[in-house]
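Just below is one structure, and these are the notes that go with it.
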Amino acid sequence: MLNQLSTRMQDRVFTLGCTLIIICVVASLVFPYTFPTVDNFSQILLNVSIDAIVAVGMMVLMIGGMFDLSVGSVVAMSGGLAGYLMYYHNTNFLLAIVVGLAAALLIGIINGWLIARWKINPMIQTLAMMGIVRGIALMLSGAGLQNFPYEYIYLGQSKLLKLQAPVWWMIAIVLLFSFLVDRTTFFRRFYYIGGNEKAARLSGIDVEKMKIWAFVISALLAGFAGILLSSRLGAALSSSGRGLELRVITAVILGGASLAGGQGKIWGAFLGSVFMAIINNLLILSRVSGYWQEVILGLILILAVGLDQYILRRSTLVKSTVLIFVVSSFLISCEPPPRQDIKVTLQDYTTDSSVVSPDEEYVMITPLINLPMYVDHDQRAFKAWAKKMGVKISILGPAEWDVPAQVQVIDQIISSRPAGLLINGTDQGIATSINKAVAAGIPTIVYDAEVKSNRHCFIGSDWYEMGRLQGERMVKLLNGKGKVACFGVLGVSNQEEGIRGLLDVLKKYPEIQFVGKFDDKANFETATKLTSDLLAAYPDLSGICGFDSESGPGIALAVKESGNAGKIKITTVDTELPHLKLVQEGVIDYLVGQKRELFTWYGAQLLFDMVHGTNSFSNNDQRAGIAPVPDLIITGSFEVDKSNIDLFIHKSN
C-alpha cells in the first residue's frame, strides 16, 4: 500500500491534480460567492484554452528533450495571415484558415529541419525564429485587423453548455493527444529520444525525422491556437501571444516535463496550464496589486524549475550549459552605466538654409510601435507632415510596450545624428536618454506626456486632467456610489499620473469603493482576461476606467461575454473606430480623446523650425543656447459619449 502511494506521489500529474483540488477547496472556502461558480470556472477555462492548446505541443517537444520559443509568434502570425487574407482579399474563411495553418506548418518544418539536420541549438534557432515570425505578424496585422466574416467569428465565439468554443477545442485536443502519446508507437518514440537519444538511434528510430515531426506538431497547434484567438477576439493583433512562451513552458514543467526530456504527460500540460490560470484568477480575487502579480508568477517559474532540478536530477550538464549560455548572453549584452553625469552643451540653432537637405531626417521614437492608436494618429500625421515638407522620416521603437527598449533605441539613434528627434514621452525612465540627445546637439521634442528632462519642448496632453475627467464622469454615471477599478500599463509615468487624477476625484465620494488598479500591458487579450477575472472577484462591480488604448476594447469584450453590457459602466481613453463603435453600441459610456494629430504635427514642425532657423533669436540668446521654440504646449483633450458619437463615427468612416 505504501509502495503504491509512493509511486503515485512520484507522478506529477497525480500530485498536481491533488494540489489543484486542494487549492480549489480552499479558494471556495475563502471566496464562497465568487470562486466556485459556473461563470468563474467557465471563464478560467476560456482564458486557459489558448495556452493549453500550445502547451500540448510543447509537452510533445519537451518529452523529446526539446522546446520551442517561437510558439507565441506563430500564434500571432497564423491569426494575422488568416485575418489579412479575409480583410484585404475577401478570401473564404476556410481557405484563410488553411493558409494560416500551412504557414505554421512551414515554420515547424524549418525549425525541425535546422535543429535536426544542421544541429543548431533549439534555443538559438527558435529564439531567432521568434523574432522573424513576430516581424511577419507585424507586417500582416499592422495596427490590427477586424471585420471578419461571421463564420470565422463563430469558430471562436459560439457557445455550447455555457462554454465558449475554444474550451471545447482545447478539451478535444487534450483528449486526442493524450490517447496518441499514451497508446501509439509513433508518439512513444519521443520518450526514448528524450530519455537517451543515442540508444534510440541505435534501436533503429529515425531521430532526426522524429524531431522534425515534433516541431511540426508544436507549430501546427500554435497556429490553430492563433486562429482560435483571433476568432475569439474578433481581431488579428500582432501583439497576440506575446509572453506566451514563458507561460507555456512554466505550465509544462509544472505538469511533469523535464528540461532533459524523456518524461511528461499531456494531462500534465493541461493541468499545469489550468494551475497558472487559477493562480491568475486567485490573484485577482485576493485583491493582489498588479505590481505583485509579476513577482508571484516569476516565483512560480523559479519553483517549477527548482522542482525539476531537485526531484528529477537528470542531465545536469545539459541544464548547466543552457544556464551558463543564458547568463553569459545577458551579461555580455549589458551596457555599463556612465561614470559621470552627462553635461548639457550649448547649441546654436541659427541657419540660413531654406532648402531641405536630401539627408535631413527626423526620427519618431515610440515605446510601442504597433499600438493602433499610435499607428492611426501619431504615425499617420508624422508621415503626412513629412510628405508636405519633403523630408525623410523614420519611426522606431520596440514591438511591445517596453520602456527600457525605447531607451536603447534613443541611445542608439543618437550616434546617427538625425536632424531632430520626436519622442513619445510615456515614462520618466527615458529622461537620461533625452538629455543625451540634447547634449549631442540634436533638437529634441517630447510629445504625448511630459518627461522632466532637458528636452527643448513638450507638446501634448495633461494626463492628470484626463484621469480627472474620467473620474468625474464615472461619479456621474454611478450617481456617486459603487465599486470601481482601473486598467493601464502600471509603472508608466503618464498612466500613473492619469490614475492619480482619477483617484483624487473618487476619494471625494465615500460611497465609491476603489478596488484596485491592474496592469493590462496595453494588450487587448490581457485586458479581456483581467476583466473576466475581476468580474468574478467583484460580481457587484459598477465601473472600470481604462488608461491605454487597448483597455477599452478588452474591457468591453469581457463585459459583453459576461452579459453585463450596459450594466457595468466603462470609461477609457482614445477614439479609435472600435472604441467609437462600442460607444455607439452602448457598451463603452465615455471616451477622453487626445489631439494626437495636432501635437504630432506641431512637434515635427517645431523641430523643422529649429533646424532651419525659422524663428530668429538675438545673438545673445543664440550664444546662450536658448531653444527658439515654446517650452510647453498643452493641446488639451476632448470628450466623446453617446450625445456626440455620430459626429465622430462619421468622421472616422
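The values are calculated or read from the model by the stated rules, or taken from the named source; none is laboratory data. What you see is a predicted model, and the numbers here were worked out from it, not measured in a lab. Using ideal geometry, Cβ is built from the backbone for each residue, glycine included, and neighbour counts are taken over all protein chains shown.
Computed values, structure above
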quantity: Residue match in region 428-435 (condition: in a helix (DSSP H, G or I), of a type in the set (Val, Ile, Thr) and crowded, with 19+ Cβ neighbours inside 10 Å); calculated: yes
quantity: Flag if Thr600 is surrounded by 23 or more Cβ atoms within 10 Å (Cβ to Cβ), among the polar types (S, T, N, Q) and closer than 22 Å to Asp548 by Cβ; calculated: yes
quantity: Condition check for Ser493: farther than 14 Å from Glu472 by Cα, of a type outside the set (A, V, I, L, M) and in contact with a helix residue (DSSP H, G or I) (Cβ under 8 Å, 6 or more places away or on another chain); calculated: yes
quantity: Number of the exception - Ser416 against (1) farther than 22 Å from Glu497 by Cα; (2) touching a helix residue (DSSP H, G or I) at 6+ places or on another chain (Cβ under 7 Å); (3) modelled with pLDDT under 85; calculated: (2)
quantity: Neighbours by Cβ (under 8 Å, 6+ apart or cross-chain): first from region 492-519, under 26 Å from Pro539 (Cβ atoms) and in the same structural domain as Leu530 (by TED's automatic domain parsing); second surrounded by fewer than 21 Cβ atoms within 10 Å (Cβ to Cβ) and of a type in the set (Asp, Glu); calculated: Val505/Glu472; Asp519/Glu294
quantity: Residue match in region 125-139 (condition: charged (D, E, K, R) and either closer than 19 Å to Phe67 by Cβ or out of contact with any Ser or Thr (no Cβ under 9 Å at 6 or more places or on another chain) (or both)); calculated: yes
quantity: Residues of region 228-238 classified as under 19 Å from Met130 (Cβ atoms) and either part of a strand (DSSP E or B) or not small (Gly, Ala, Ser) (or both), total; calculated: 3
quantity: Failed criterion for Ser231 (all others in (1) in contact with a Phe, Trp or Tyr (Cβ under 6 Å, 6 or more places away or on another chain); (2) free of Cβ contacts under 8 Å to residues at least 12 places away in the same chain hold); calculated: (2)
quantity: Counted residues, region 463-479 - those being surrounded by 20 or more Cβ atoms within 10 Å (Cβ to Cβ) and under 30 Å from Ile626 (Cα atoms); calculated: 1
quantity: Boolean, Asp11 is surrounded by fewer than 24 Cβ atoms within 10 Å (Cβ to Cβ), more than 26 Å from Glu208 (Cβ to Cβ), among the charged types (D, E, K, R) and modelled with pLDDT under 95; calculated: yes
quantity: Condition broken by Leu29, with the remaining ones in (1) closer than 27 Å to Ala137 by Cβ; (2) part of a helix (DSSP H, G or I); (3) free of Cβ contacts under 8 Å to residues at least 24 places away in the same chain satisfied; calculated: (1)
quantity: Qualifying positions in region 504-516 - under 10 Å from Ala485 (Cα atoms) and modelled with pLDDT of 95 or more; calculated: Gln513, Phe514
quantity: Selection status of Leu85, among the hydrophobic types (A, V, I, L, M, F, W, C) and at pLDDT 95 or above; calculated: yes
quantity: Selection from region 495-526 of residues that are in a helix (DSSP H, G or I) and more than 25 Å from the chain's Cα centre (by Cα); calculated: Gly501, Leu503, Asp504, Val505, Leu506
quantity: Evaluation of Ser532 against (1) in contact with a Ser or Thr (Cβ under 8 Å, 6 or more places away or on another chain); (2) within 13 Å of Val484 (Cα to Cα); (3) polar (S, T, N, Q) (one fails), failing number; calculated: (2)
quantity: Matching residues in region 444-476 - criterion: being over 28 Å from the mean Cα position of the chain (by Cα) and closer than 30 Å to Tyr509 by Cα; calculated: Glu472, Arg473, Val475, Lys476
quantity: Members of region 454-466 found to be closer than 20 Å to Glu639 by Cα, outside any strand (DSSP E or B) and not hydrophobic (A, V, I, L, M, F, W, C), listed by number; calculated: Ser461, Asp462, Tyr464, Glu465
quantity: Condition met for Phe514 (over 18 Å from Leu237 (Cβ atoms), aromatic (Phe, Trp, Tyr) and surrounded by 24 or more Cβ atoms within 10 Å (Cβ to Cβ)); calculated: no
quantity: Of the criteria (1) more than 25 Å from the chain's Cα centre (by Cα); (2) not aromatic (Phe, Trp, Tyr); (3) not in a helix (DSSP H, G or I), which one Gly241 fails; calculated: (1)
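Residues checked against (1) in contact with a Gly (Cβ under 7 Å, 6 or more places away or on another chain); (2) acidic (Asp, Glu); (3) part of a strand (DSSP E or B):
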{"residue": "Ile423", "(1), (2), (3)": "no, no, yes"}
{"residue": "Tyr447", "(1), (2), (3)": "yes, no, yes"}
{"residue": "Val451", "(1), (2), (3)": "yes, no, no"}
{"residue": "Arg468", "(1), (2), (3)": "yes, no, no"}
{"residue": "Ala485", "(1), (2), (3)": "yes, no, yes"}
